[in-house]
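Below is one structure; the comments refer to it alone.
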Amino acid sequence: MGVINVTPDSFSDGGVHLDPDLAAAASRRMVEEGAAIVDVGGESTRPGSEGVSAEEELRRVLPVLERLAGEVPLSIDTSKAAVARAALDAGAILVNDVTALRGDPELAGLVADSGAYLCLMHMHGEPRTMQAEPRYDDVGAEVASFLEERLAFAVAQGIPEERICLDPGIGFGKTVAHNLELVRRLDVVLELGRPVLVGFSRKSSLRRLTGSDDLLGASIAAAVAAFEHGATILRVHDVKPHVDALIVAAAVS
Ligand code: HH2
């Protein structure tokens, strides 16, 4: 899964893809490089961020989606039903909701009615406050039990289980140690029986571990580690080097 953030302030690629023509060109390149889907987002969820209105989110993402519809498999990174609805109408096939259907009461019904795919992600707290001393007794068990509950909720709302993937939410209310433990203990999430998505690309834990601002090598290592622990969808900003690394990791395993 390639990442396109149409935002001025994303920690990883803020400002780079604000021009819809540039964002569309970058998305097409990601597919050429081997991405199976491109995740387009119009609201940064970086620690401390305040959020934007649905109107502003739509103003950012719709021109990009409209340029790519029918050409590139698209995911919309949003927790707002109004944004998801317009994105699905414009051709997106997956709703990536970092609130796991807790943000907007209308989103579950919309996904159920549209037949879209859905990603449910774990987040402790909310972006504004989530990195303020996150604590868990057993991060793997707690994240798995949250995802189990959200999966049951989604299915009860009429979303077929076969359409749902699960994500431990690397960096969303977690310390470096929590993030590493979640990759190590991915089996507890895999036991829920759904494909697992991991997004470690360019996250600040990698900088804390390496002390380097160039996060490419660290991102690839994290993606390969997640793959070896069972993740089958890797959310990444630098598609080509990740695809190469994952082809080799898959060939060896
Ligand atoms: N991470 C980010 C955003 N959306 N969605 C899922 N399912 N999993 C993730 O790990 C995830 C996500 C944050 O990364 P990024 O999009 O690069 O930055 P920002 O939120 O600042 O736009």
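The values are calculated or read from the model by the stated rules, or taken from the named source; none is laboratory data. These numbers come from a predicted model, not from an experiment. Positions of Cβ are backbone-derived with ideal geometry, glycine not excepted, and every protein chain shown enters the neighbour counts.
Provide a single number: the residues in the stretch 16-40 that are of a type in the set (Val, Ile, Thr), at pLDDT 95 or above and out of contact with any helix residue (DSSP H, G or I) (no Cβ under 7 Å at 6 or more places or on another chain).
Taking the stretch 16-40 first, the residues of a type in the set (Val, Ile, Thr) are 16, 31, 37-38, 40.
Filter again for at pLDDT 95 or above, leaving 31, 37-38, 40.
Filter once more, so that each one left must be out of contact with any helix residue (DSSP H, G or I) (no Cβ under 7 Å at 6 or more places or on another chain): 31, 37.
Summing the residues that are of a type in the set (Val, Ile, Thr), at pLDDT 95 or above and out of contact with any helix residue (DSSP H, G or I) (no Cβ under 7 Å at 6 or more places or on another chain) in the stretch 16-40 gives 2.
Does at least one position in the stretch 75-98 carry a residue that is over 28 Å from Ser145 (Cβ atoms), hydrophobic (A, V, I, L, M, F, W, C), in contact with a Phe, Trp or Tyr (Cβ under 9 Å, 6 or more places away or on another chain) and surrounded by fewer than 24 Cβ atoms within 10 Å (Cβ to Cβ)? Quick ask: steps written out before the conclusion?
If we filter the stretch 75-98 for residues that are over 28 Å from Ser145 (Cβ atoms), which is where we start, we get 82-83, 85-93.
Pick out the ones that are also hydrophobic (A, V, I, L, M, F, W, C) and you get 82-83, 86-88, 90, 92-93.
Narrowing the set further to residues that are in contact with a Phe, Trp or Tyr (Cβ under 9 Å, 6 or more places away or on another chain) leaves 93.
Now narrow it down to the ones that are surrounded by fewer than 24 Cβ atoms within 10 Å (Cβ to Cβ): 93.
Taking every residue of the stretch 75-98 in turn, at least one turns out to be over 28 Å from Ser145 (Cβ atoms), hydrophobic (A, V, I, L, M, F, W, C), in contact with a Phe, Trp or Tyr (Cβ under 9 Å, 6 or more places away or on another chain) and surrounded by fewer than 24 Cβ atoms within 10 Å (Cβ to Cβ).
How about the stretch 179-253: which helices (runs of 4 or more DSSP H) wholly inside it have at least 1 residues that are within 11 Å of the ligand (Cβ to nearest atom), out of contact with any His (no Cβ under 9 Å at 6 or more places or on another chain) and among the aliphatic types (A, V, I, L, M)? Let's see the steps before the verdict.
Values: elements: 186-190, 204-210, 216-228, 239-252.
Here the list reads 216-228.
Please tell me if Leu110 is under 17 Å from the mean Cα position of the chain (by Cα), surrounded by 14 or more Cβ atoms within 10 Å (Cβ to Cβ) and either within 13 Å of the ligand (Cβ to nearest atom) or not in a strand (DSSP E or B) (or both). Explain how you work it out, then say what you get.
Numbers: under 17 Å from the mean Cα position of the chain (by Cα): no; surrounded by 14 or more Cβ atoms within 10 Å (Cβ to Cβ): yes; either within 13 Å of the ligand (Cβ to nearest atom) or not in a strand (DSSP E or B) (or both): yes.
Judged against the criteria, Leu110 is not a match.
Consider Gly103 carefully, then state whether it is free of Cβ contacts under 8 Å to residues at least 40 places away in the same chain, small (Gly, Ala, Ser), closer than 30 Å to Leu65 by Cβ and within 13 Å of the ligand (Cβ to nearest atom). Before you say what the answer is, go through the steps one by one.
Working: free of Cβ contacts under 8 Å to residues at least 40 places away in the same chain: yes; small (Gly, Ala, Ser): yes; closer than 30 Å to Leu65 by Cβ: yes; within 13 Å of the ligand (Cβ to nearest atom): yes.
So Gly103 passes the test.
Out of the residues in the stretch 13-25 that are buried (at least 17 other Cβ atoms within 10 Å of the Cβ) and small (Gly, Ala, Ser), state the one that is nearest to the ligand (Cβ to nearest atom).
Applying the filter and picking the extreme gives Ala23.
Every residue in the stretch 229-251 that is touching a Leu at 6+ places or on another chain (Cβ under 9 Å) and free of Cβ contacts under 8 Å to residues at least 40 places away in the same chain, please.
Thr232, Asp238, Pro241, Leu246
Filter the stretch 66-82 for residues that are within 16 Å of the ligand (Cβ to nearest atom) and of a type outside the set (D, E, K, R); which is nearest to Leu101 (Cα to Cα)?
Step one: of the stretch 66-82, the residues within 16 Å of the ligand (Cβ to nearest atom) are 73-80.
Subset that is of a type outside the set (D, E, K, R): 73-76, 78-79.
Details: Pro73: 22, Leu74: 19, Ser75: 16, Ile76: 14, Thr78: 10, Ser79: 7 Å.
Once the filter is applied, the top-ranked residue is Ser79.
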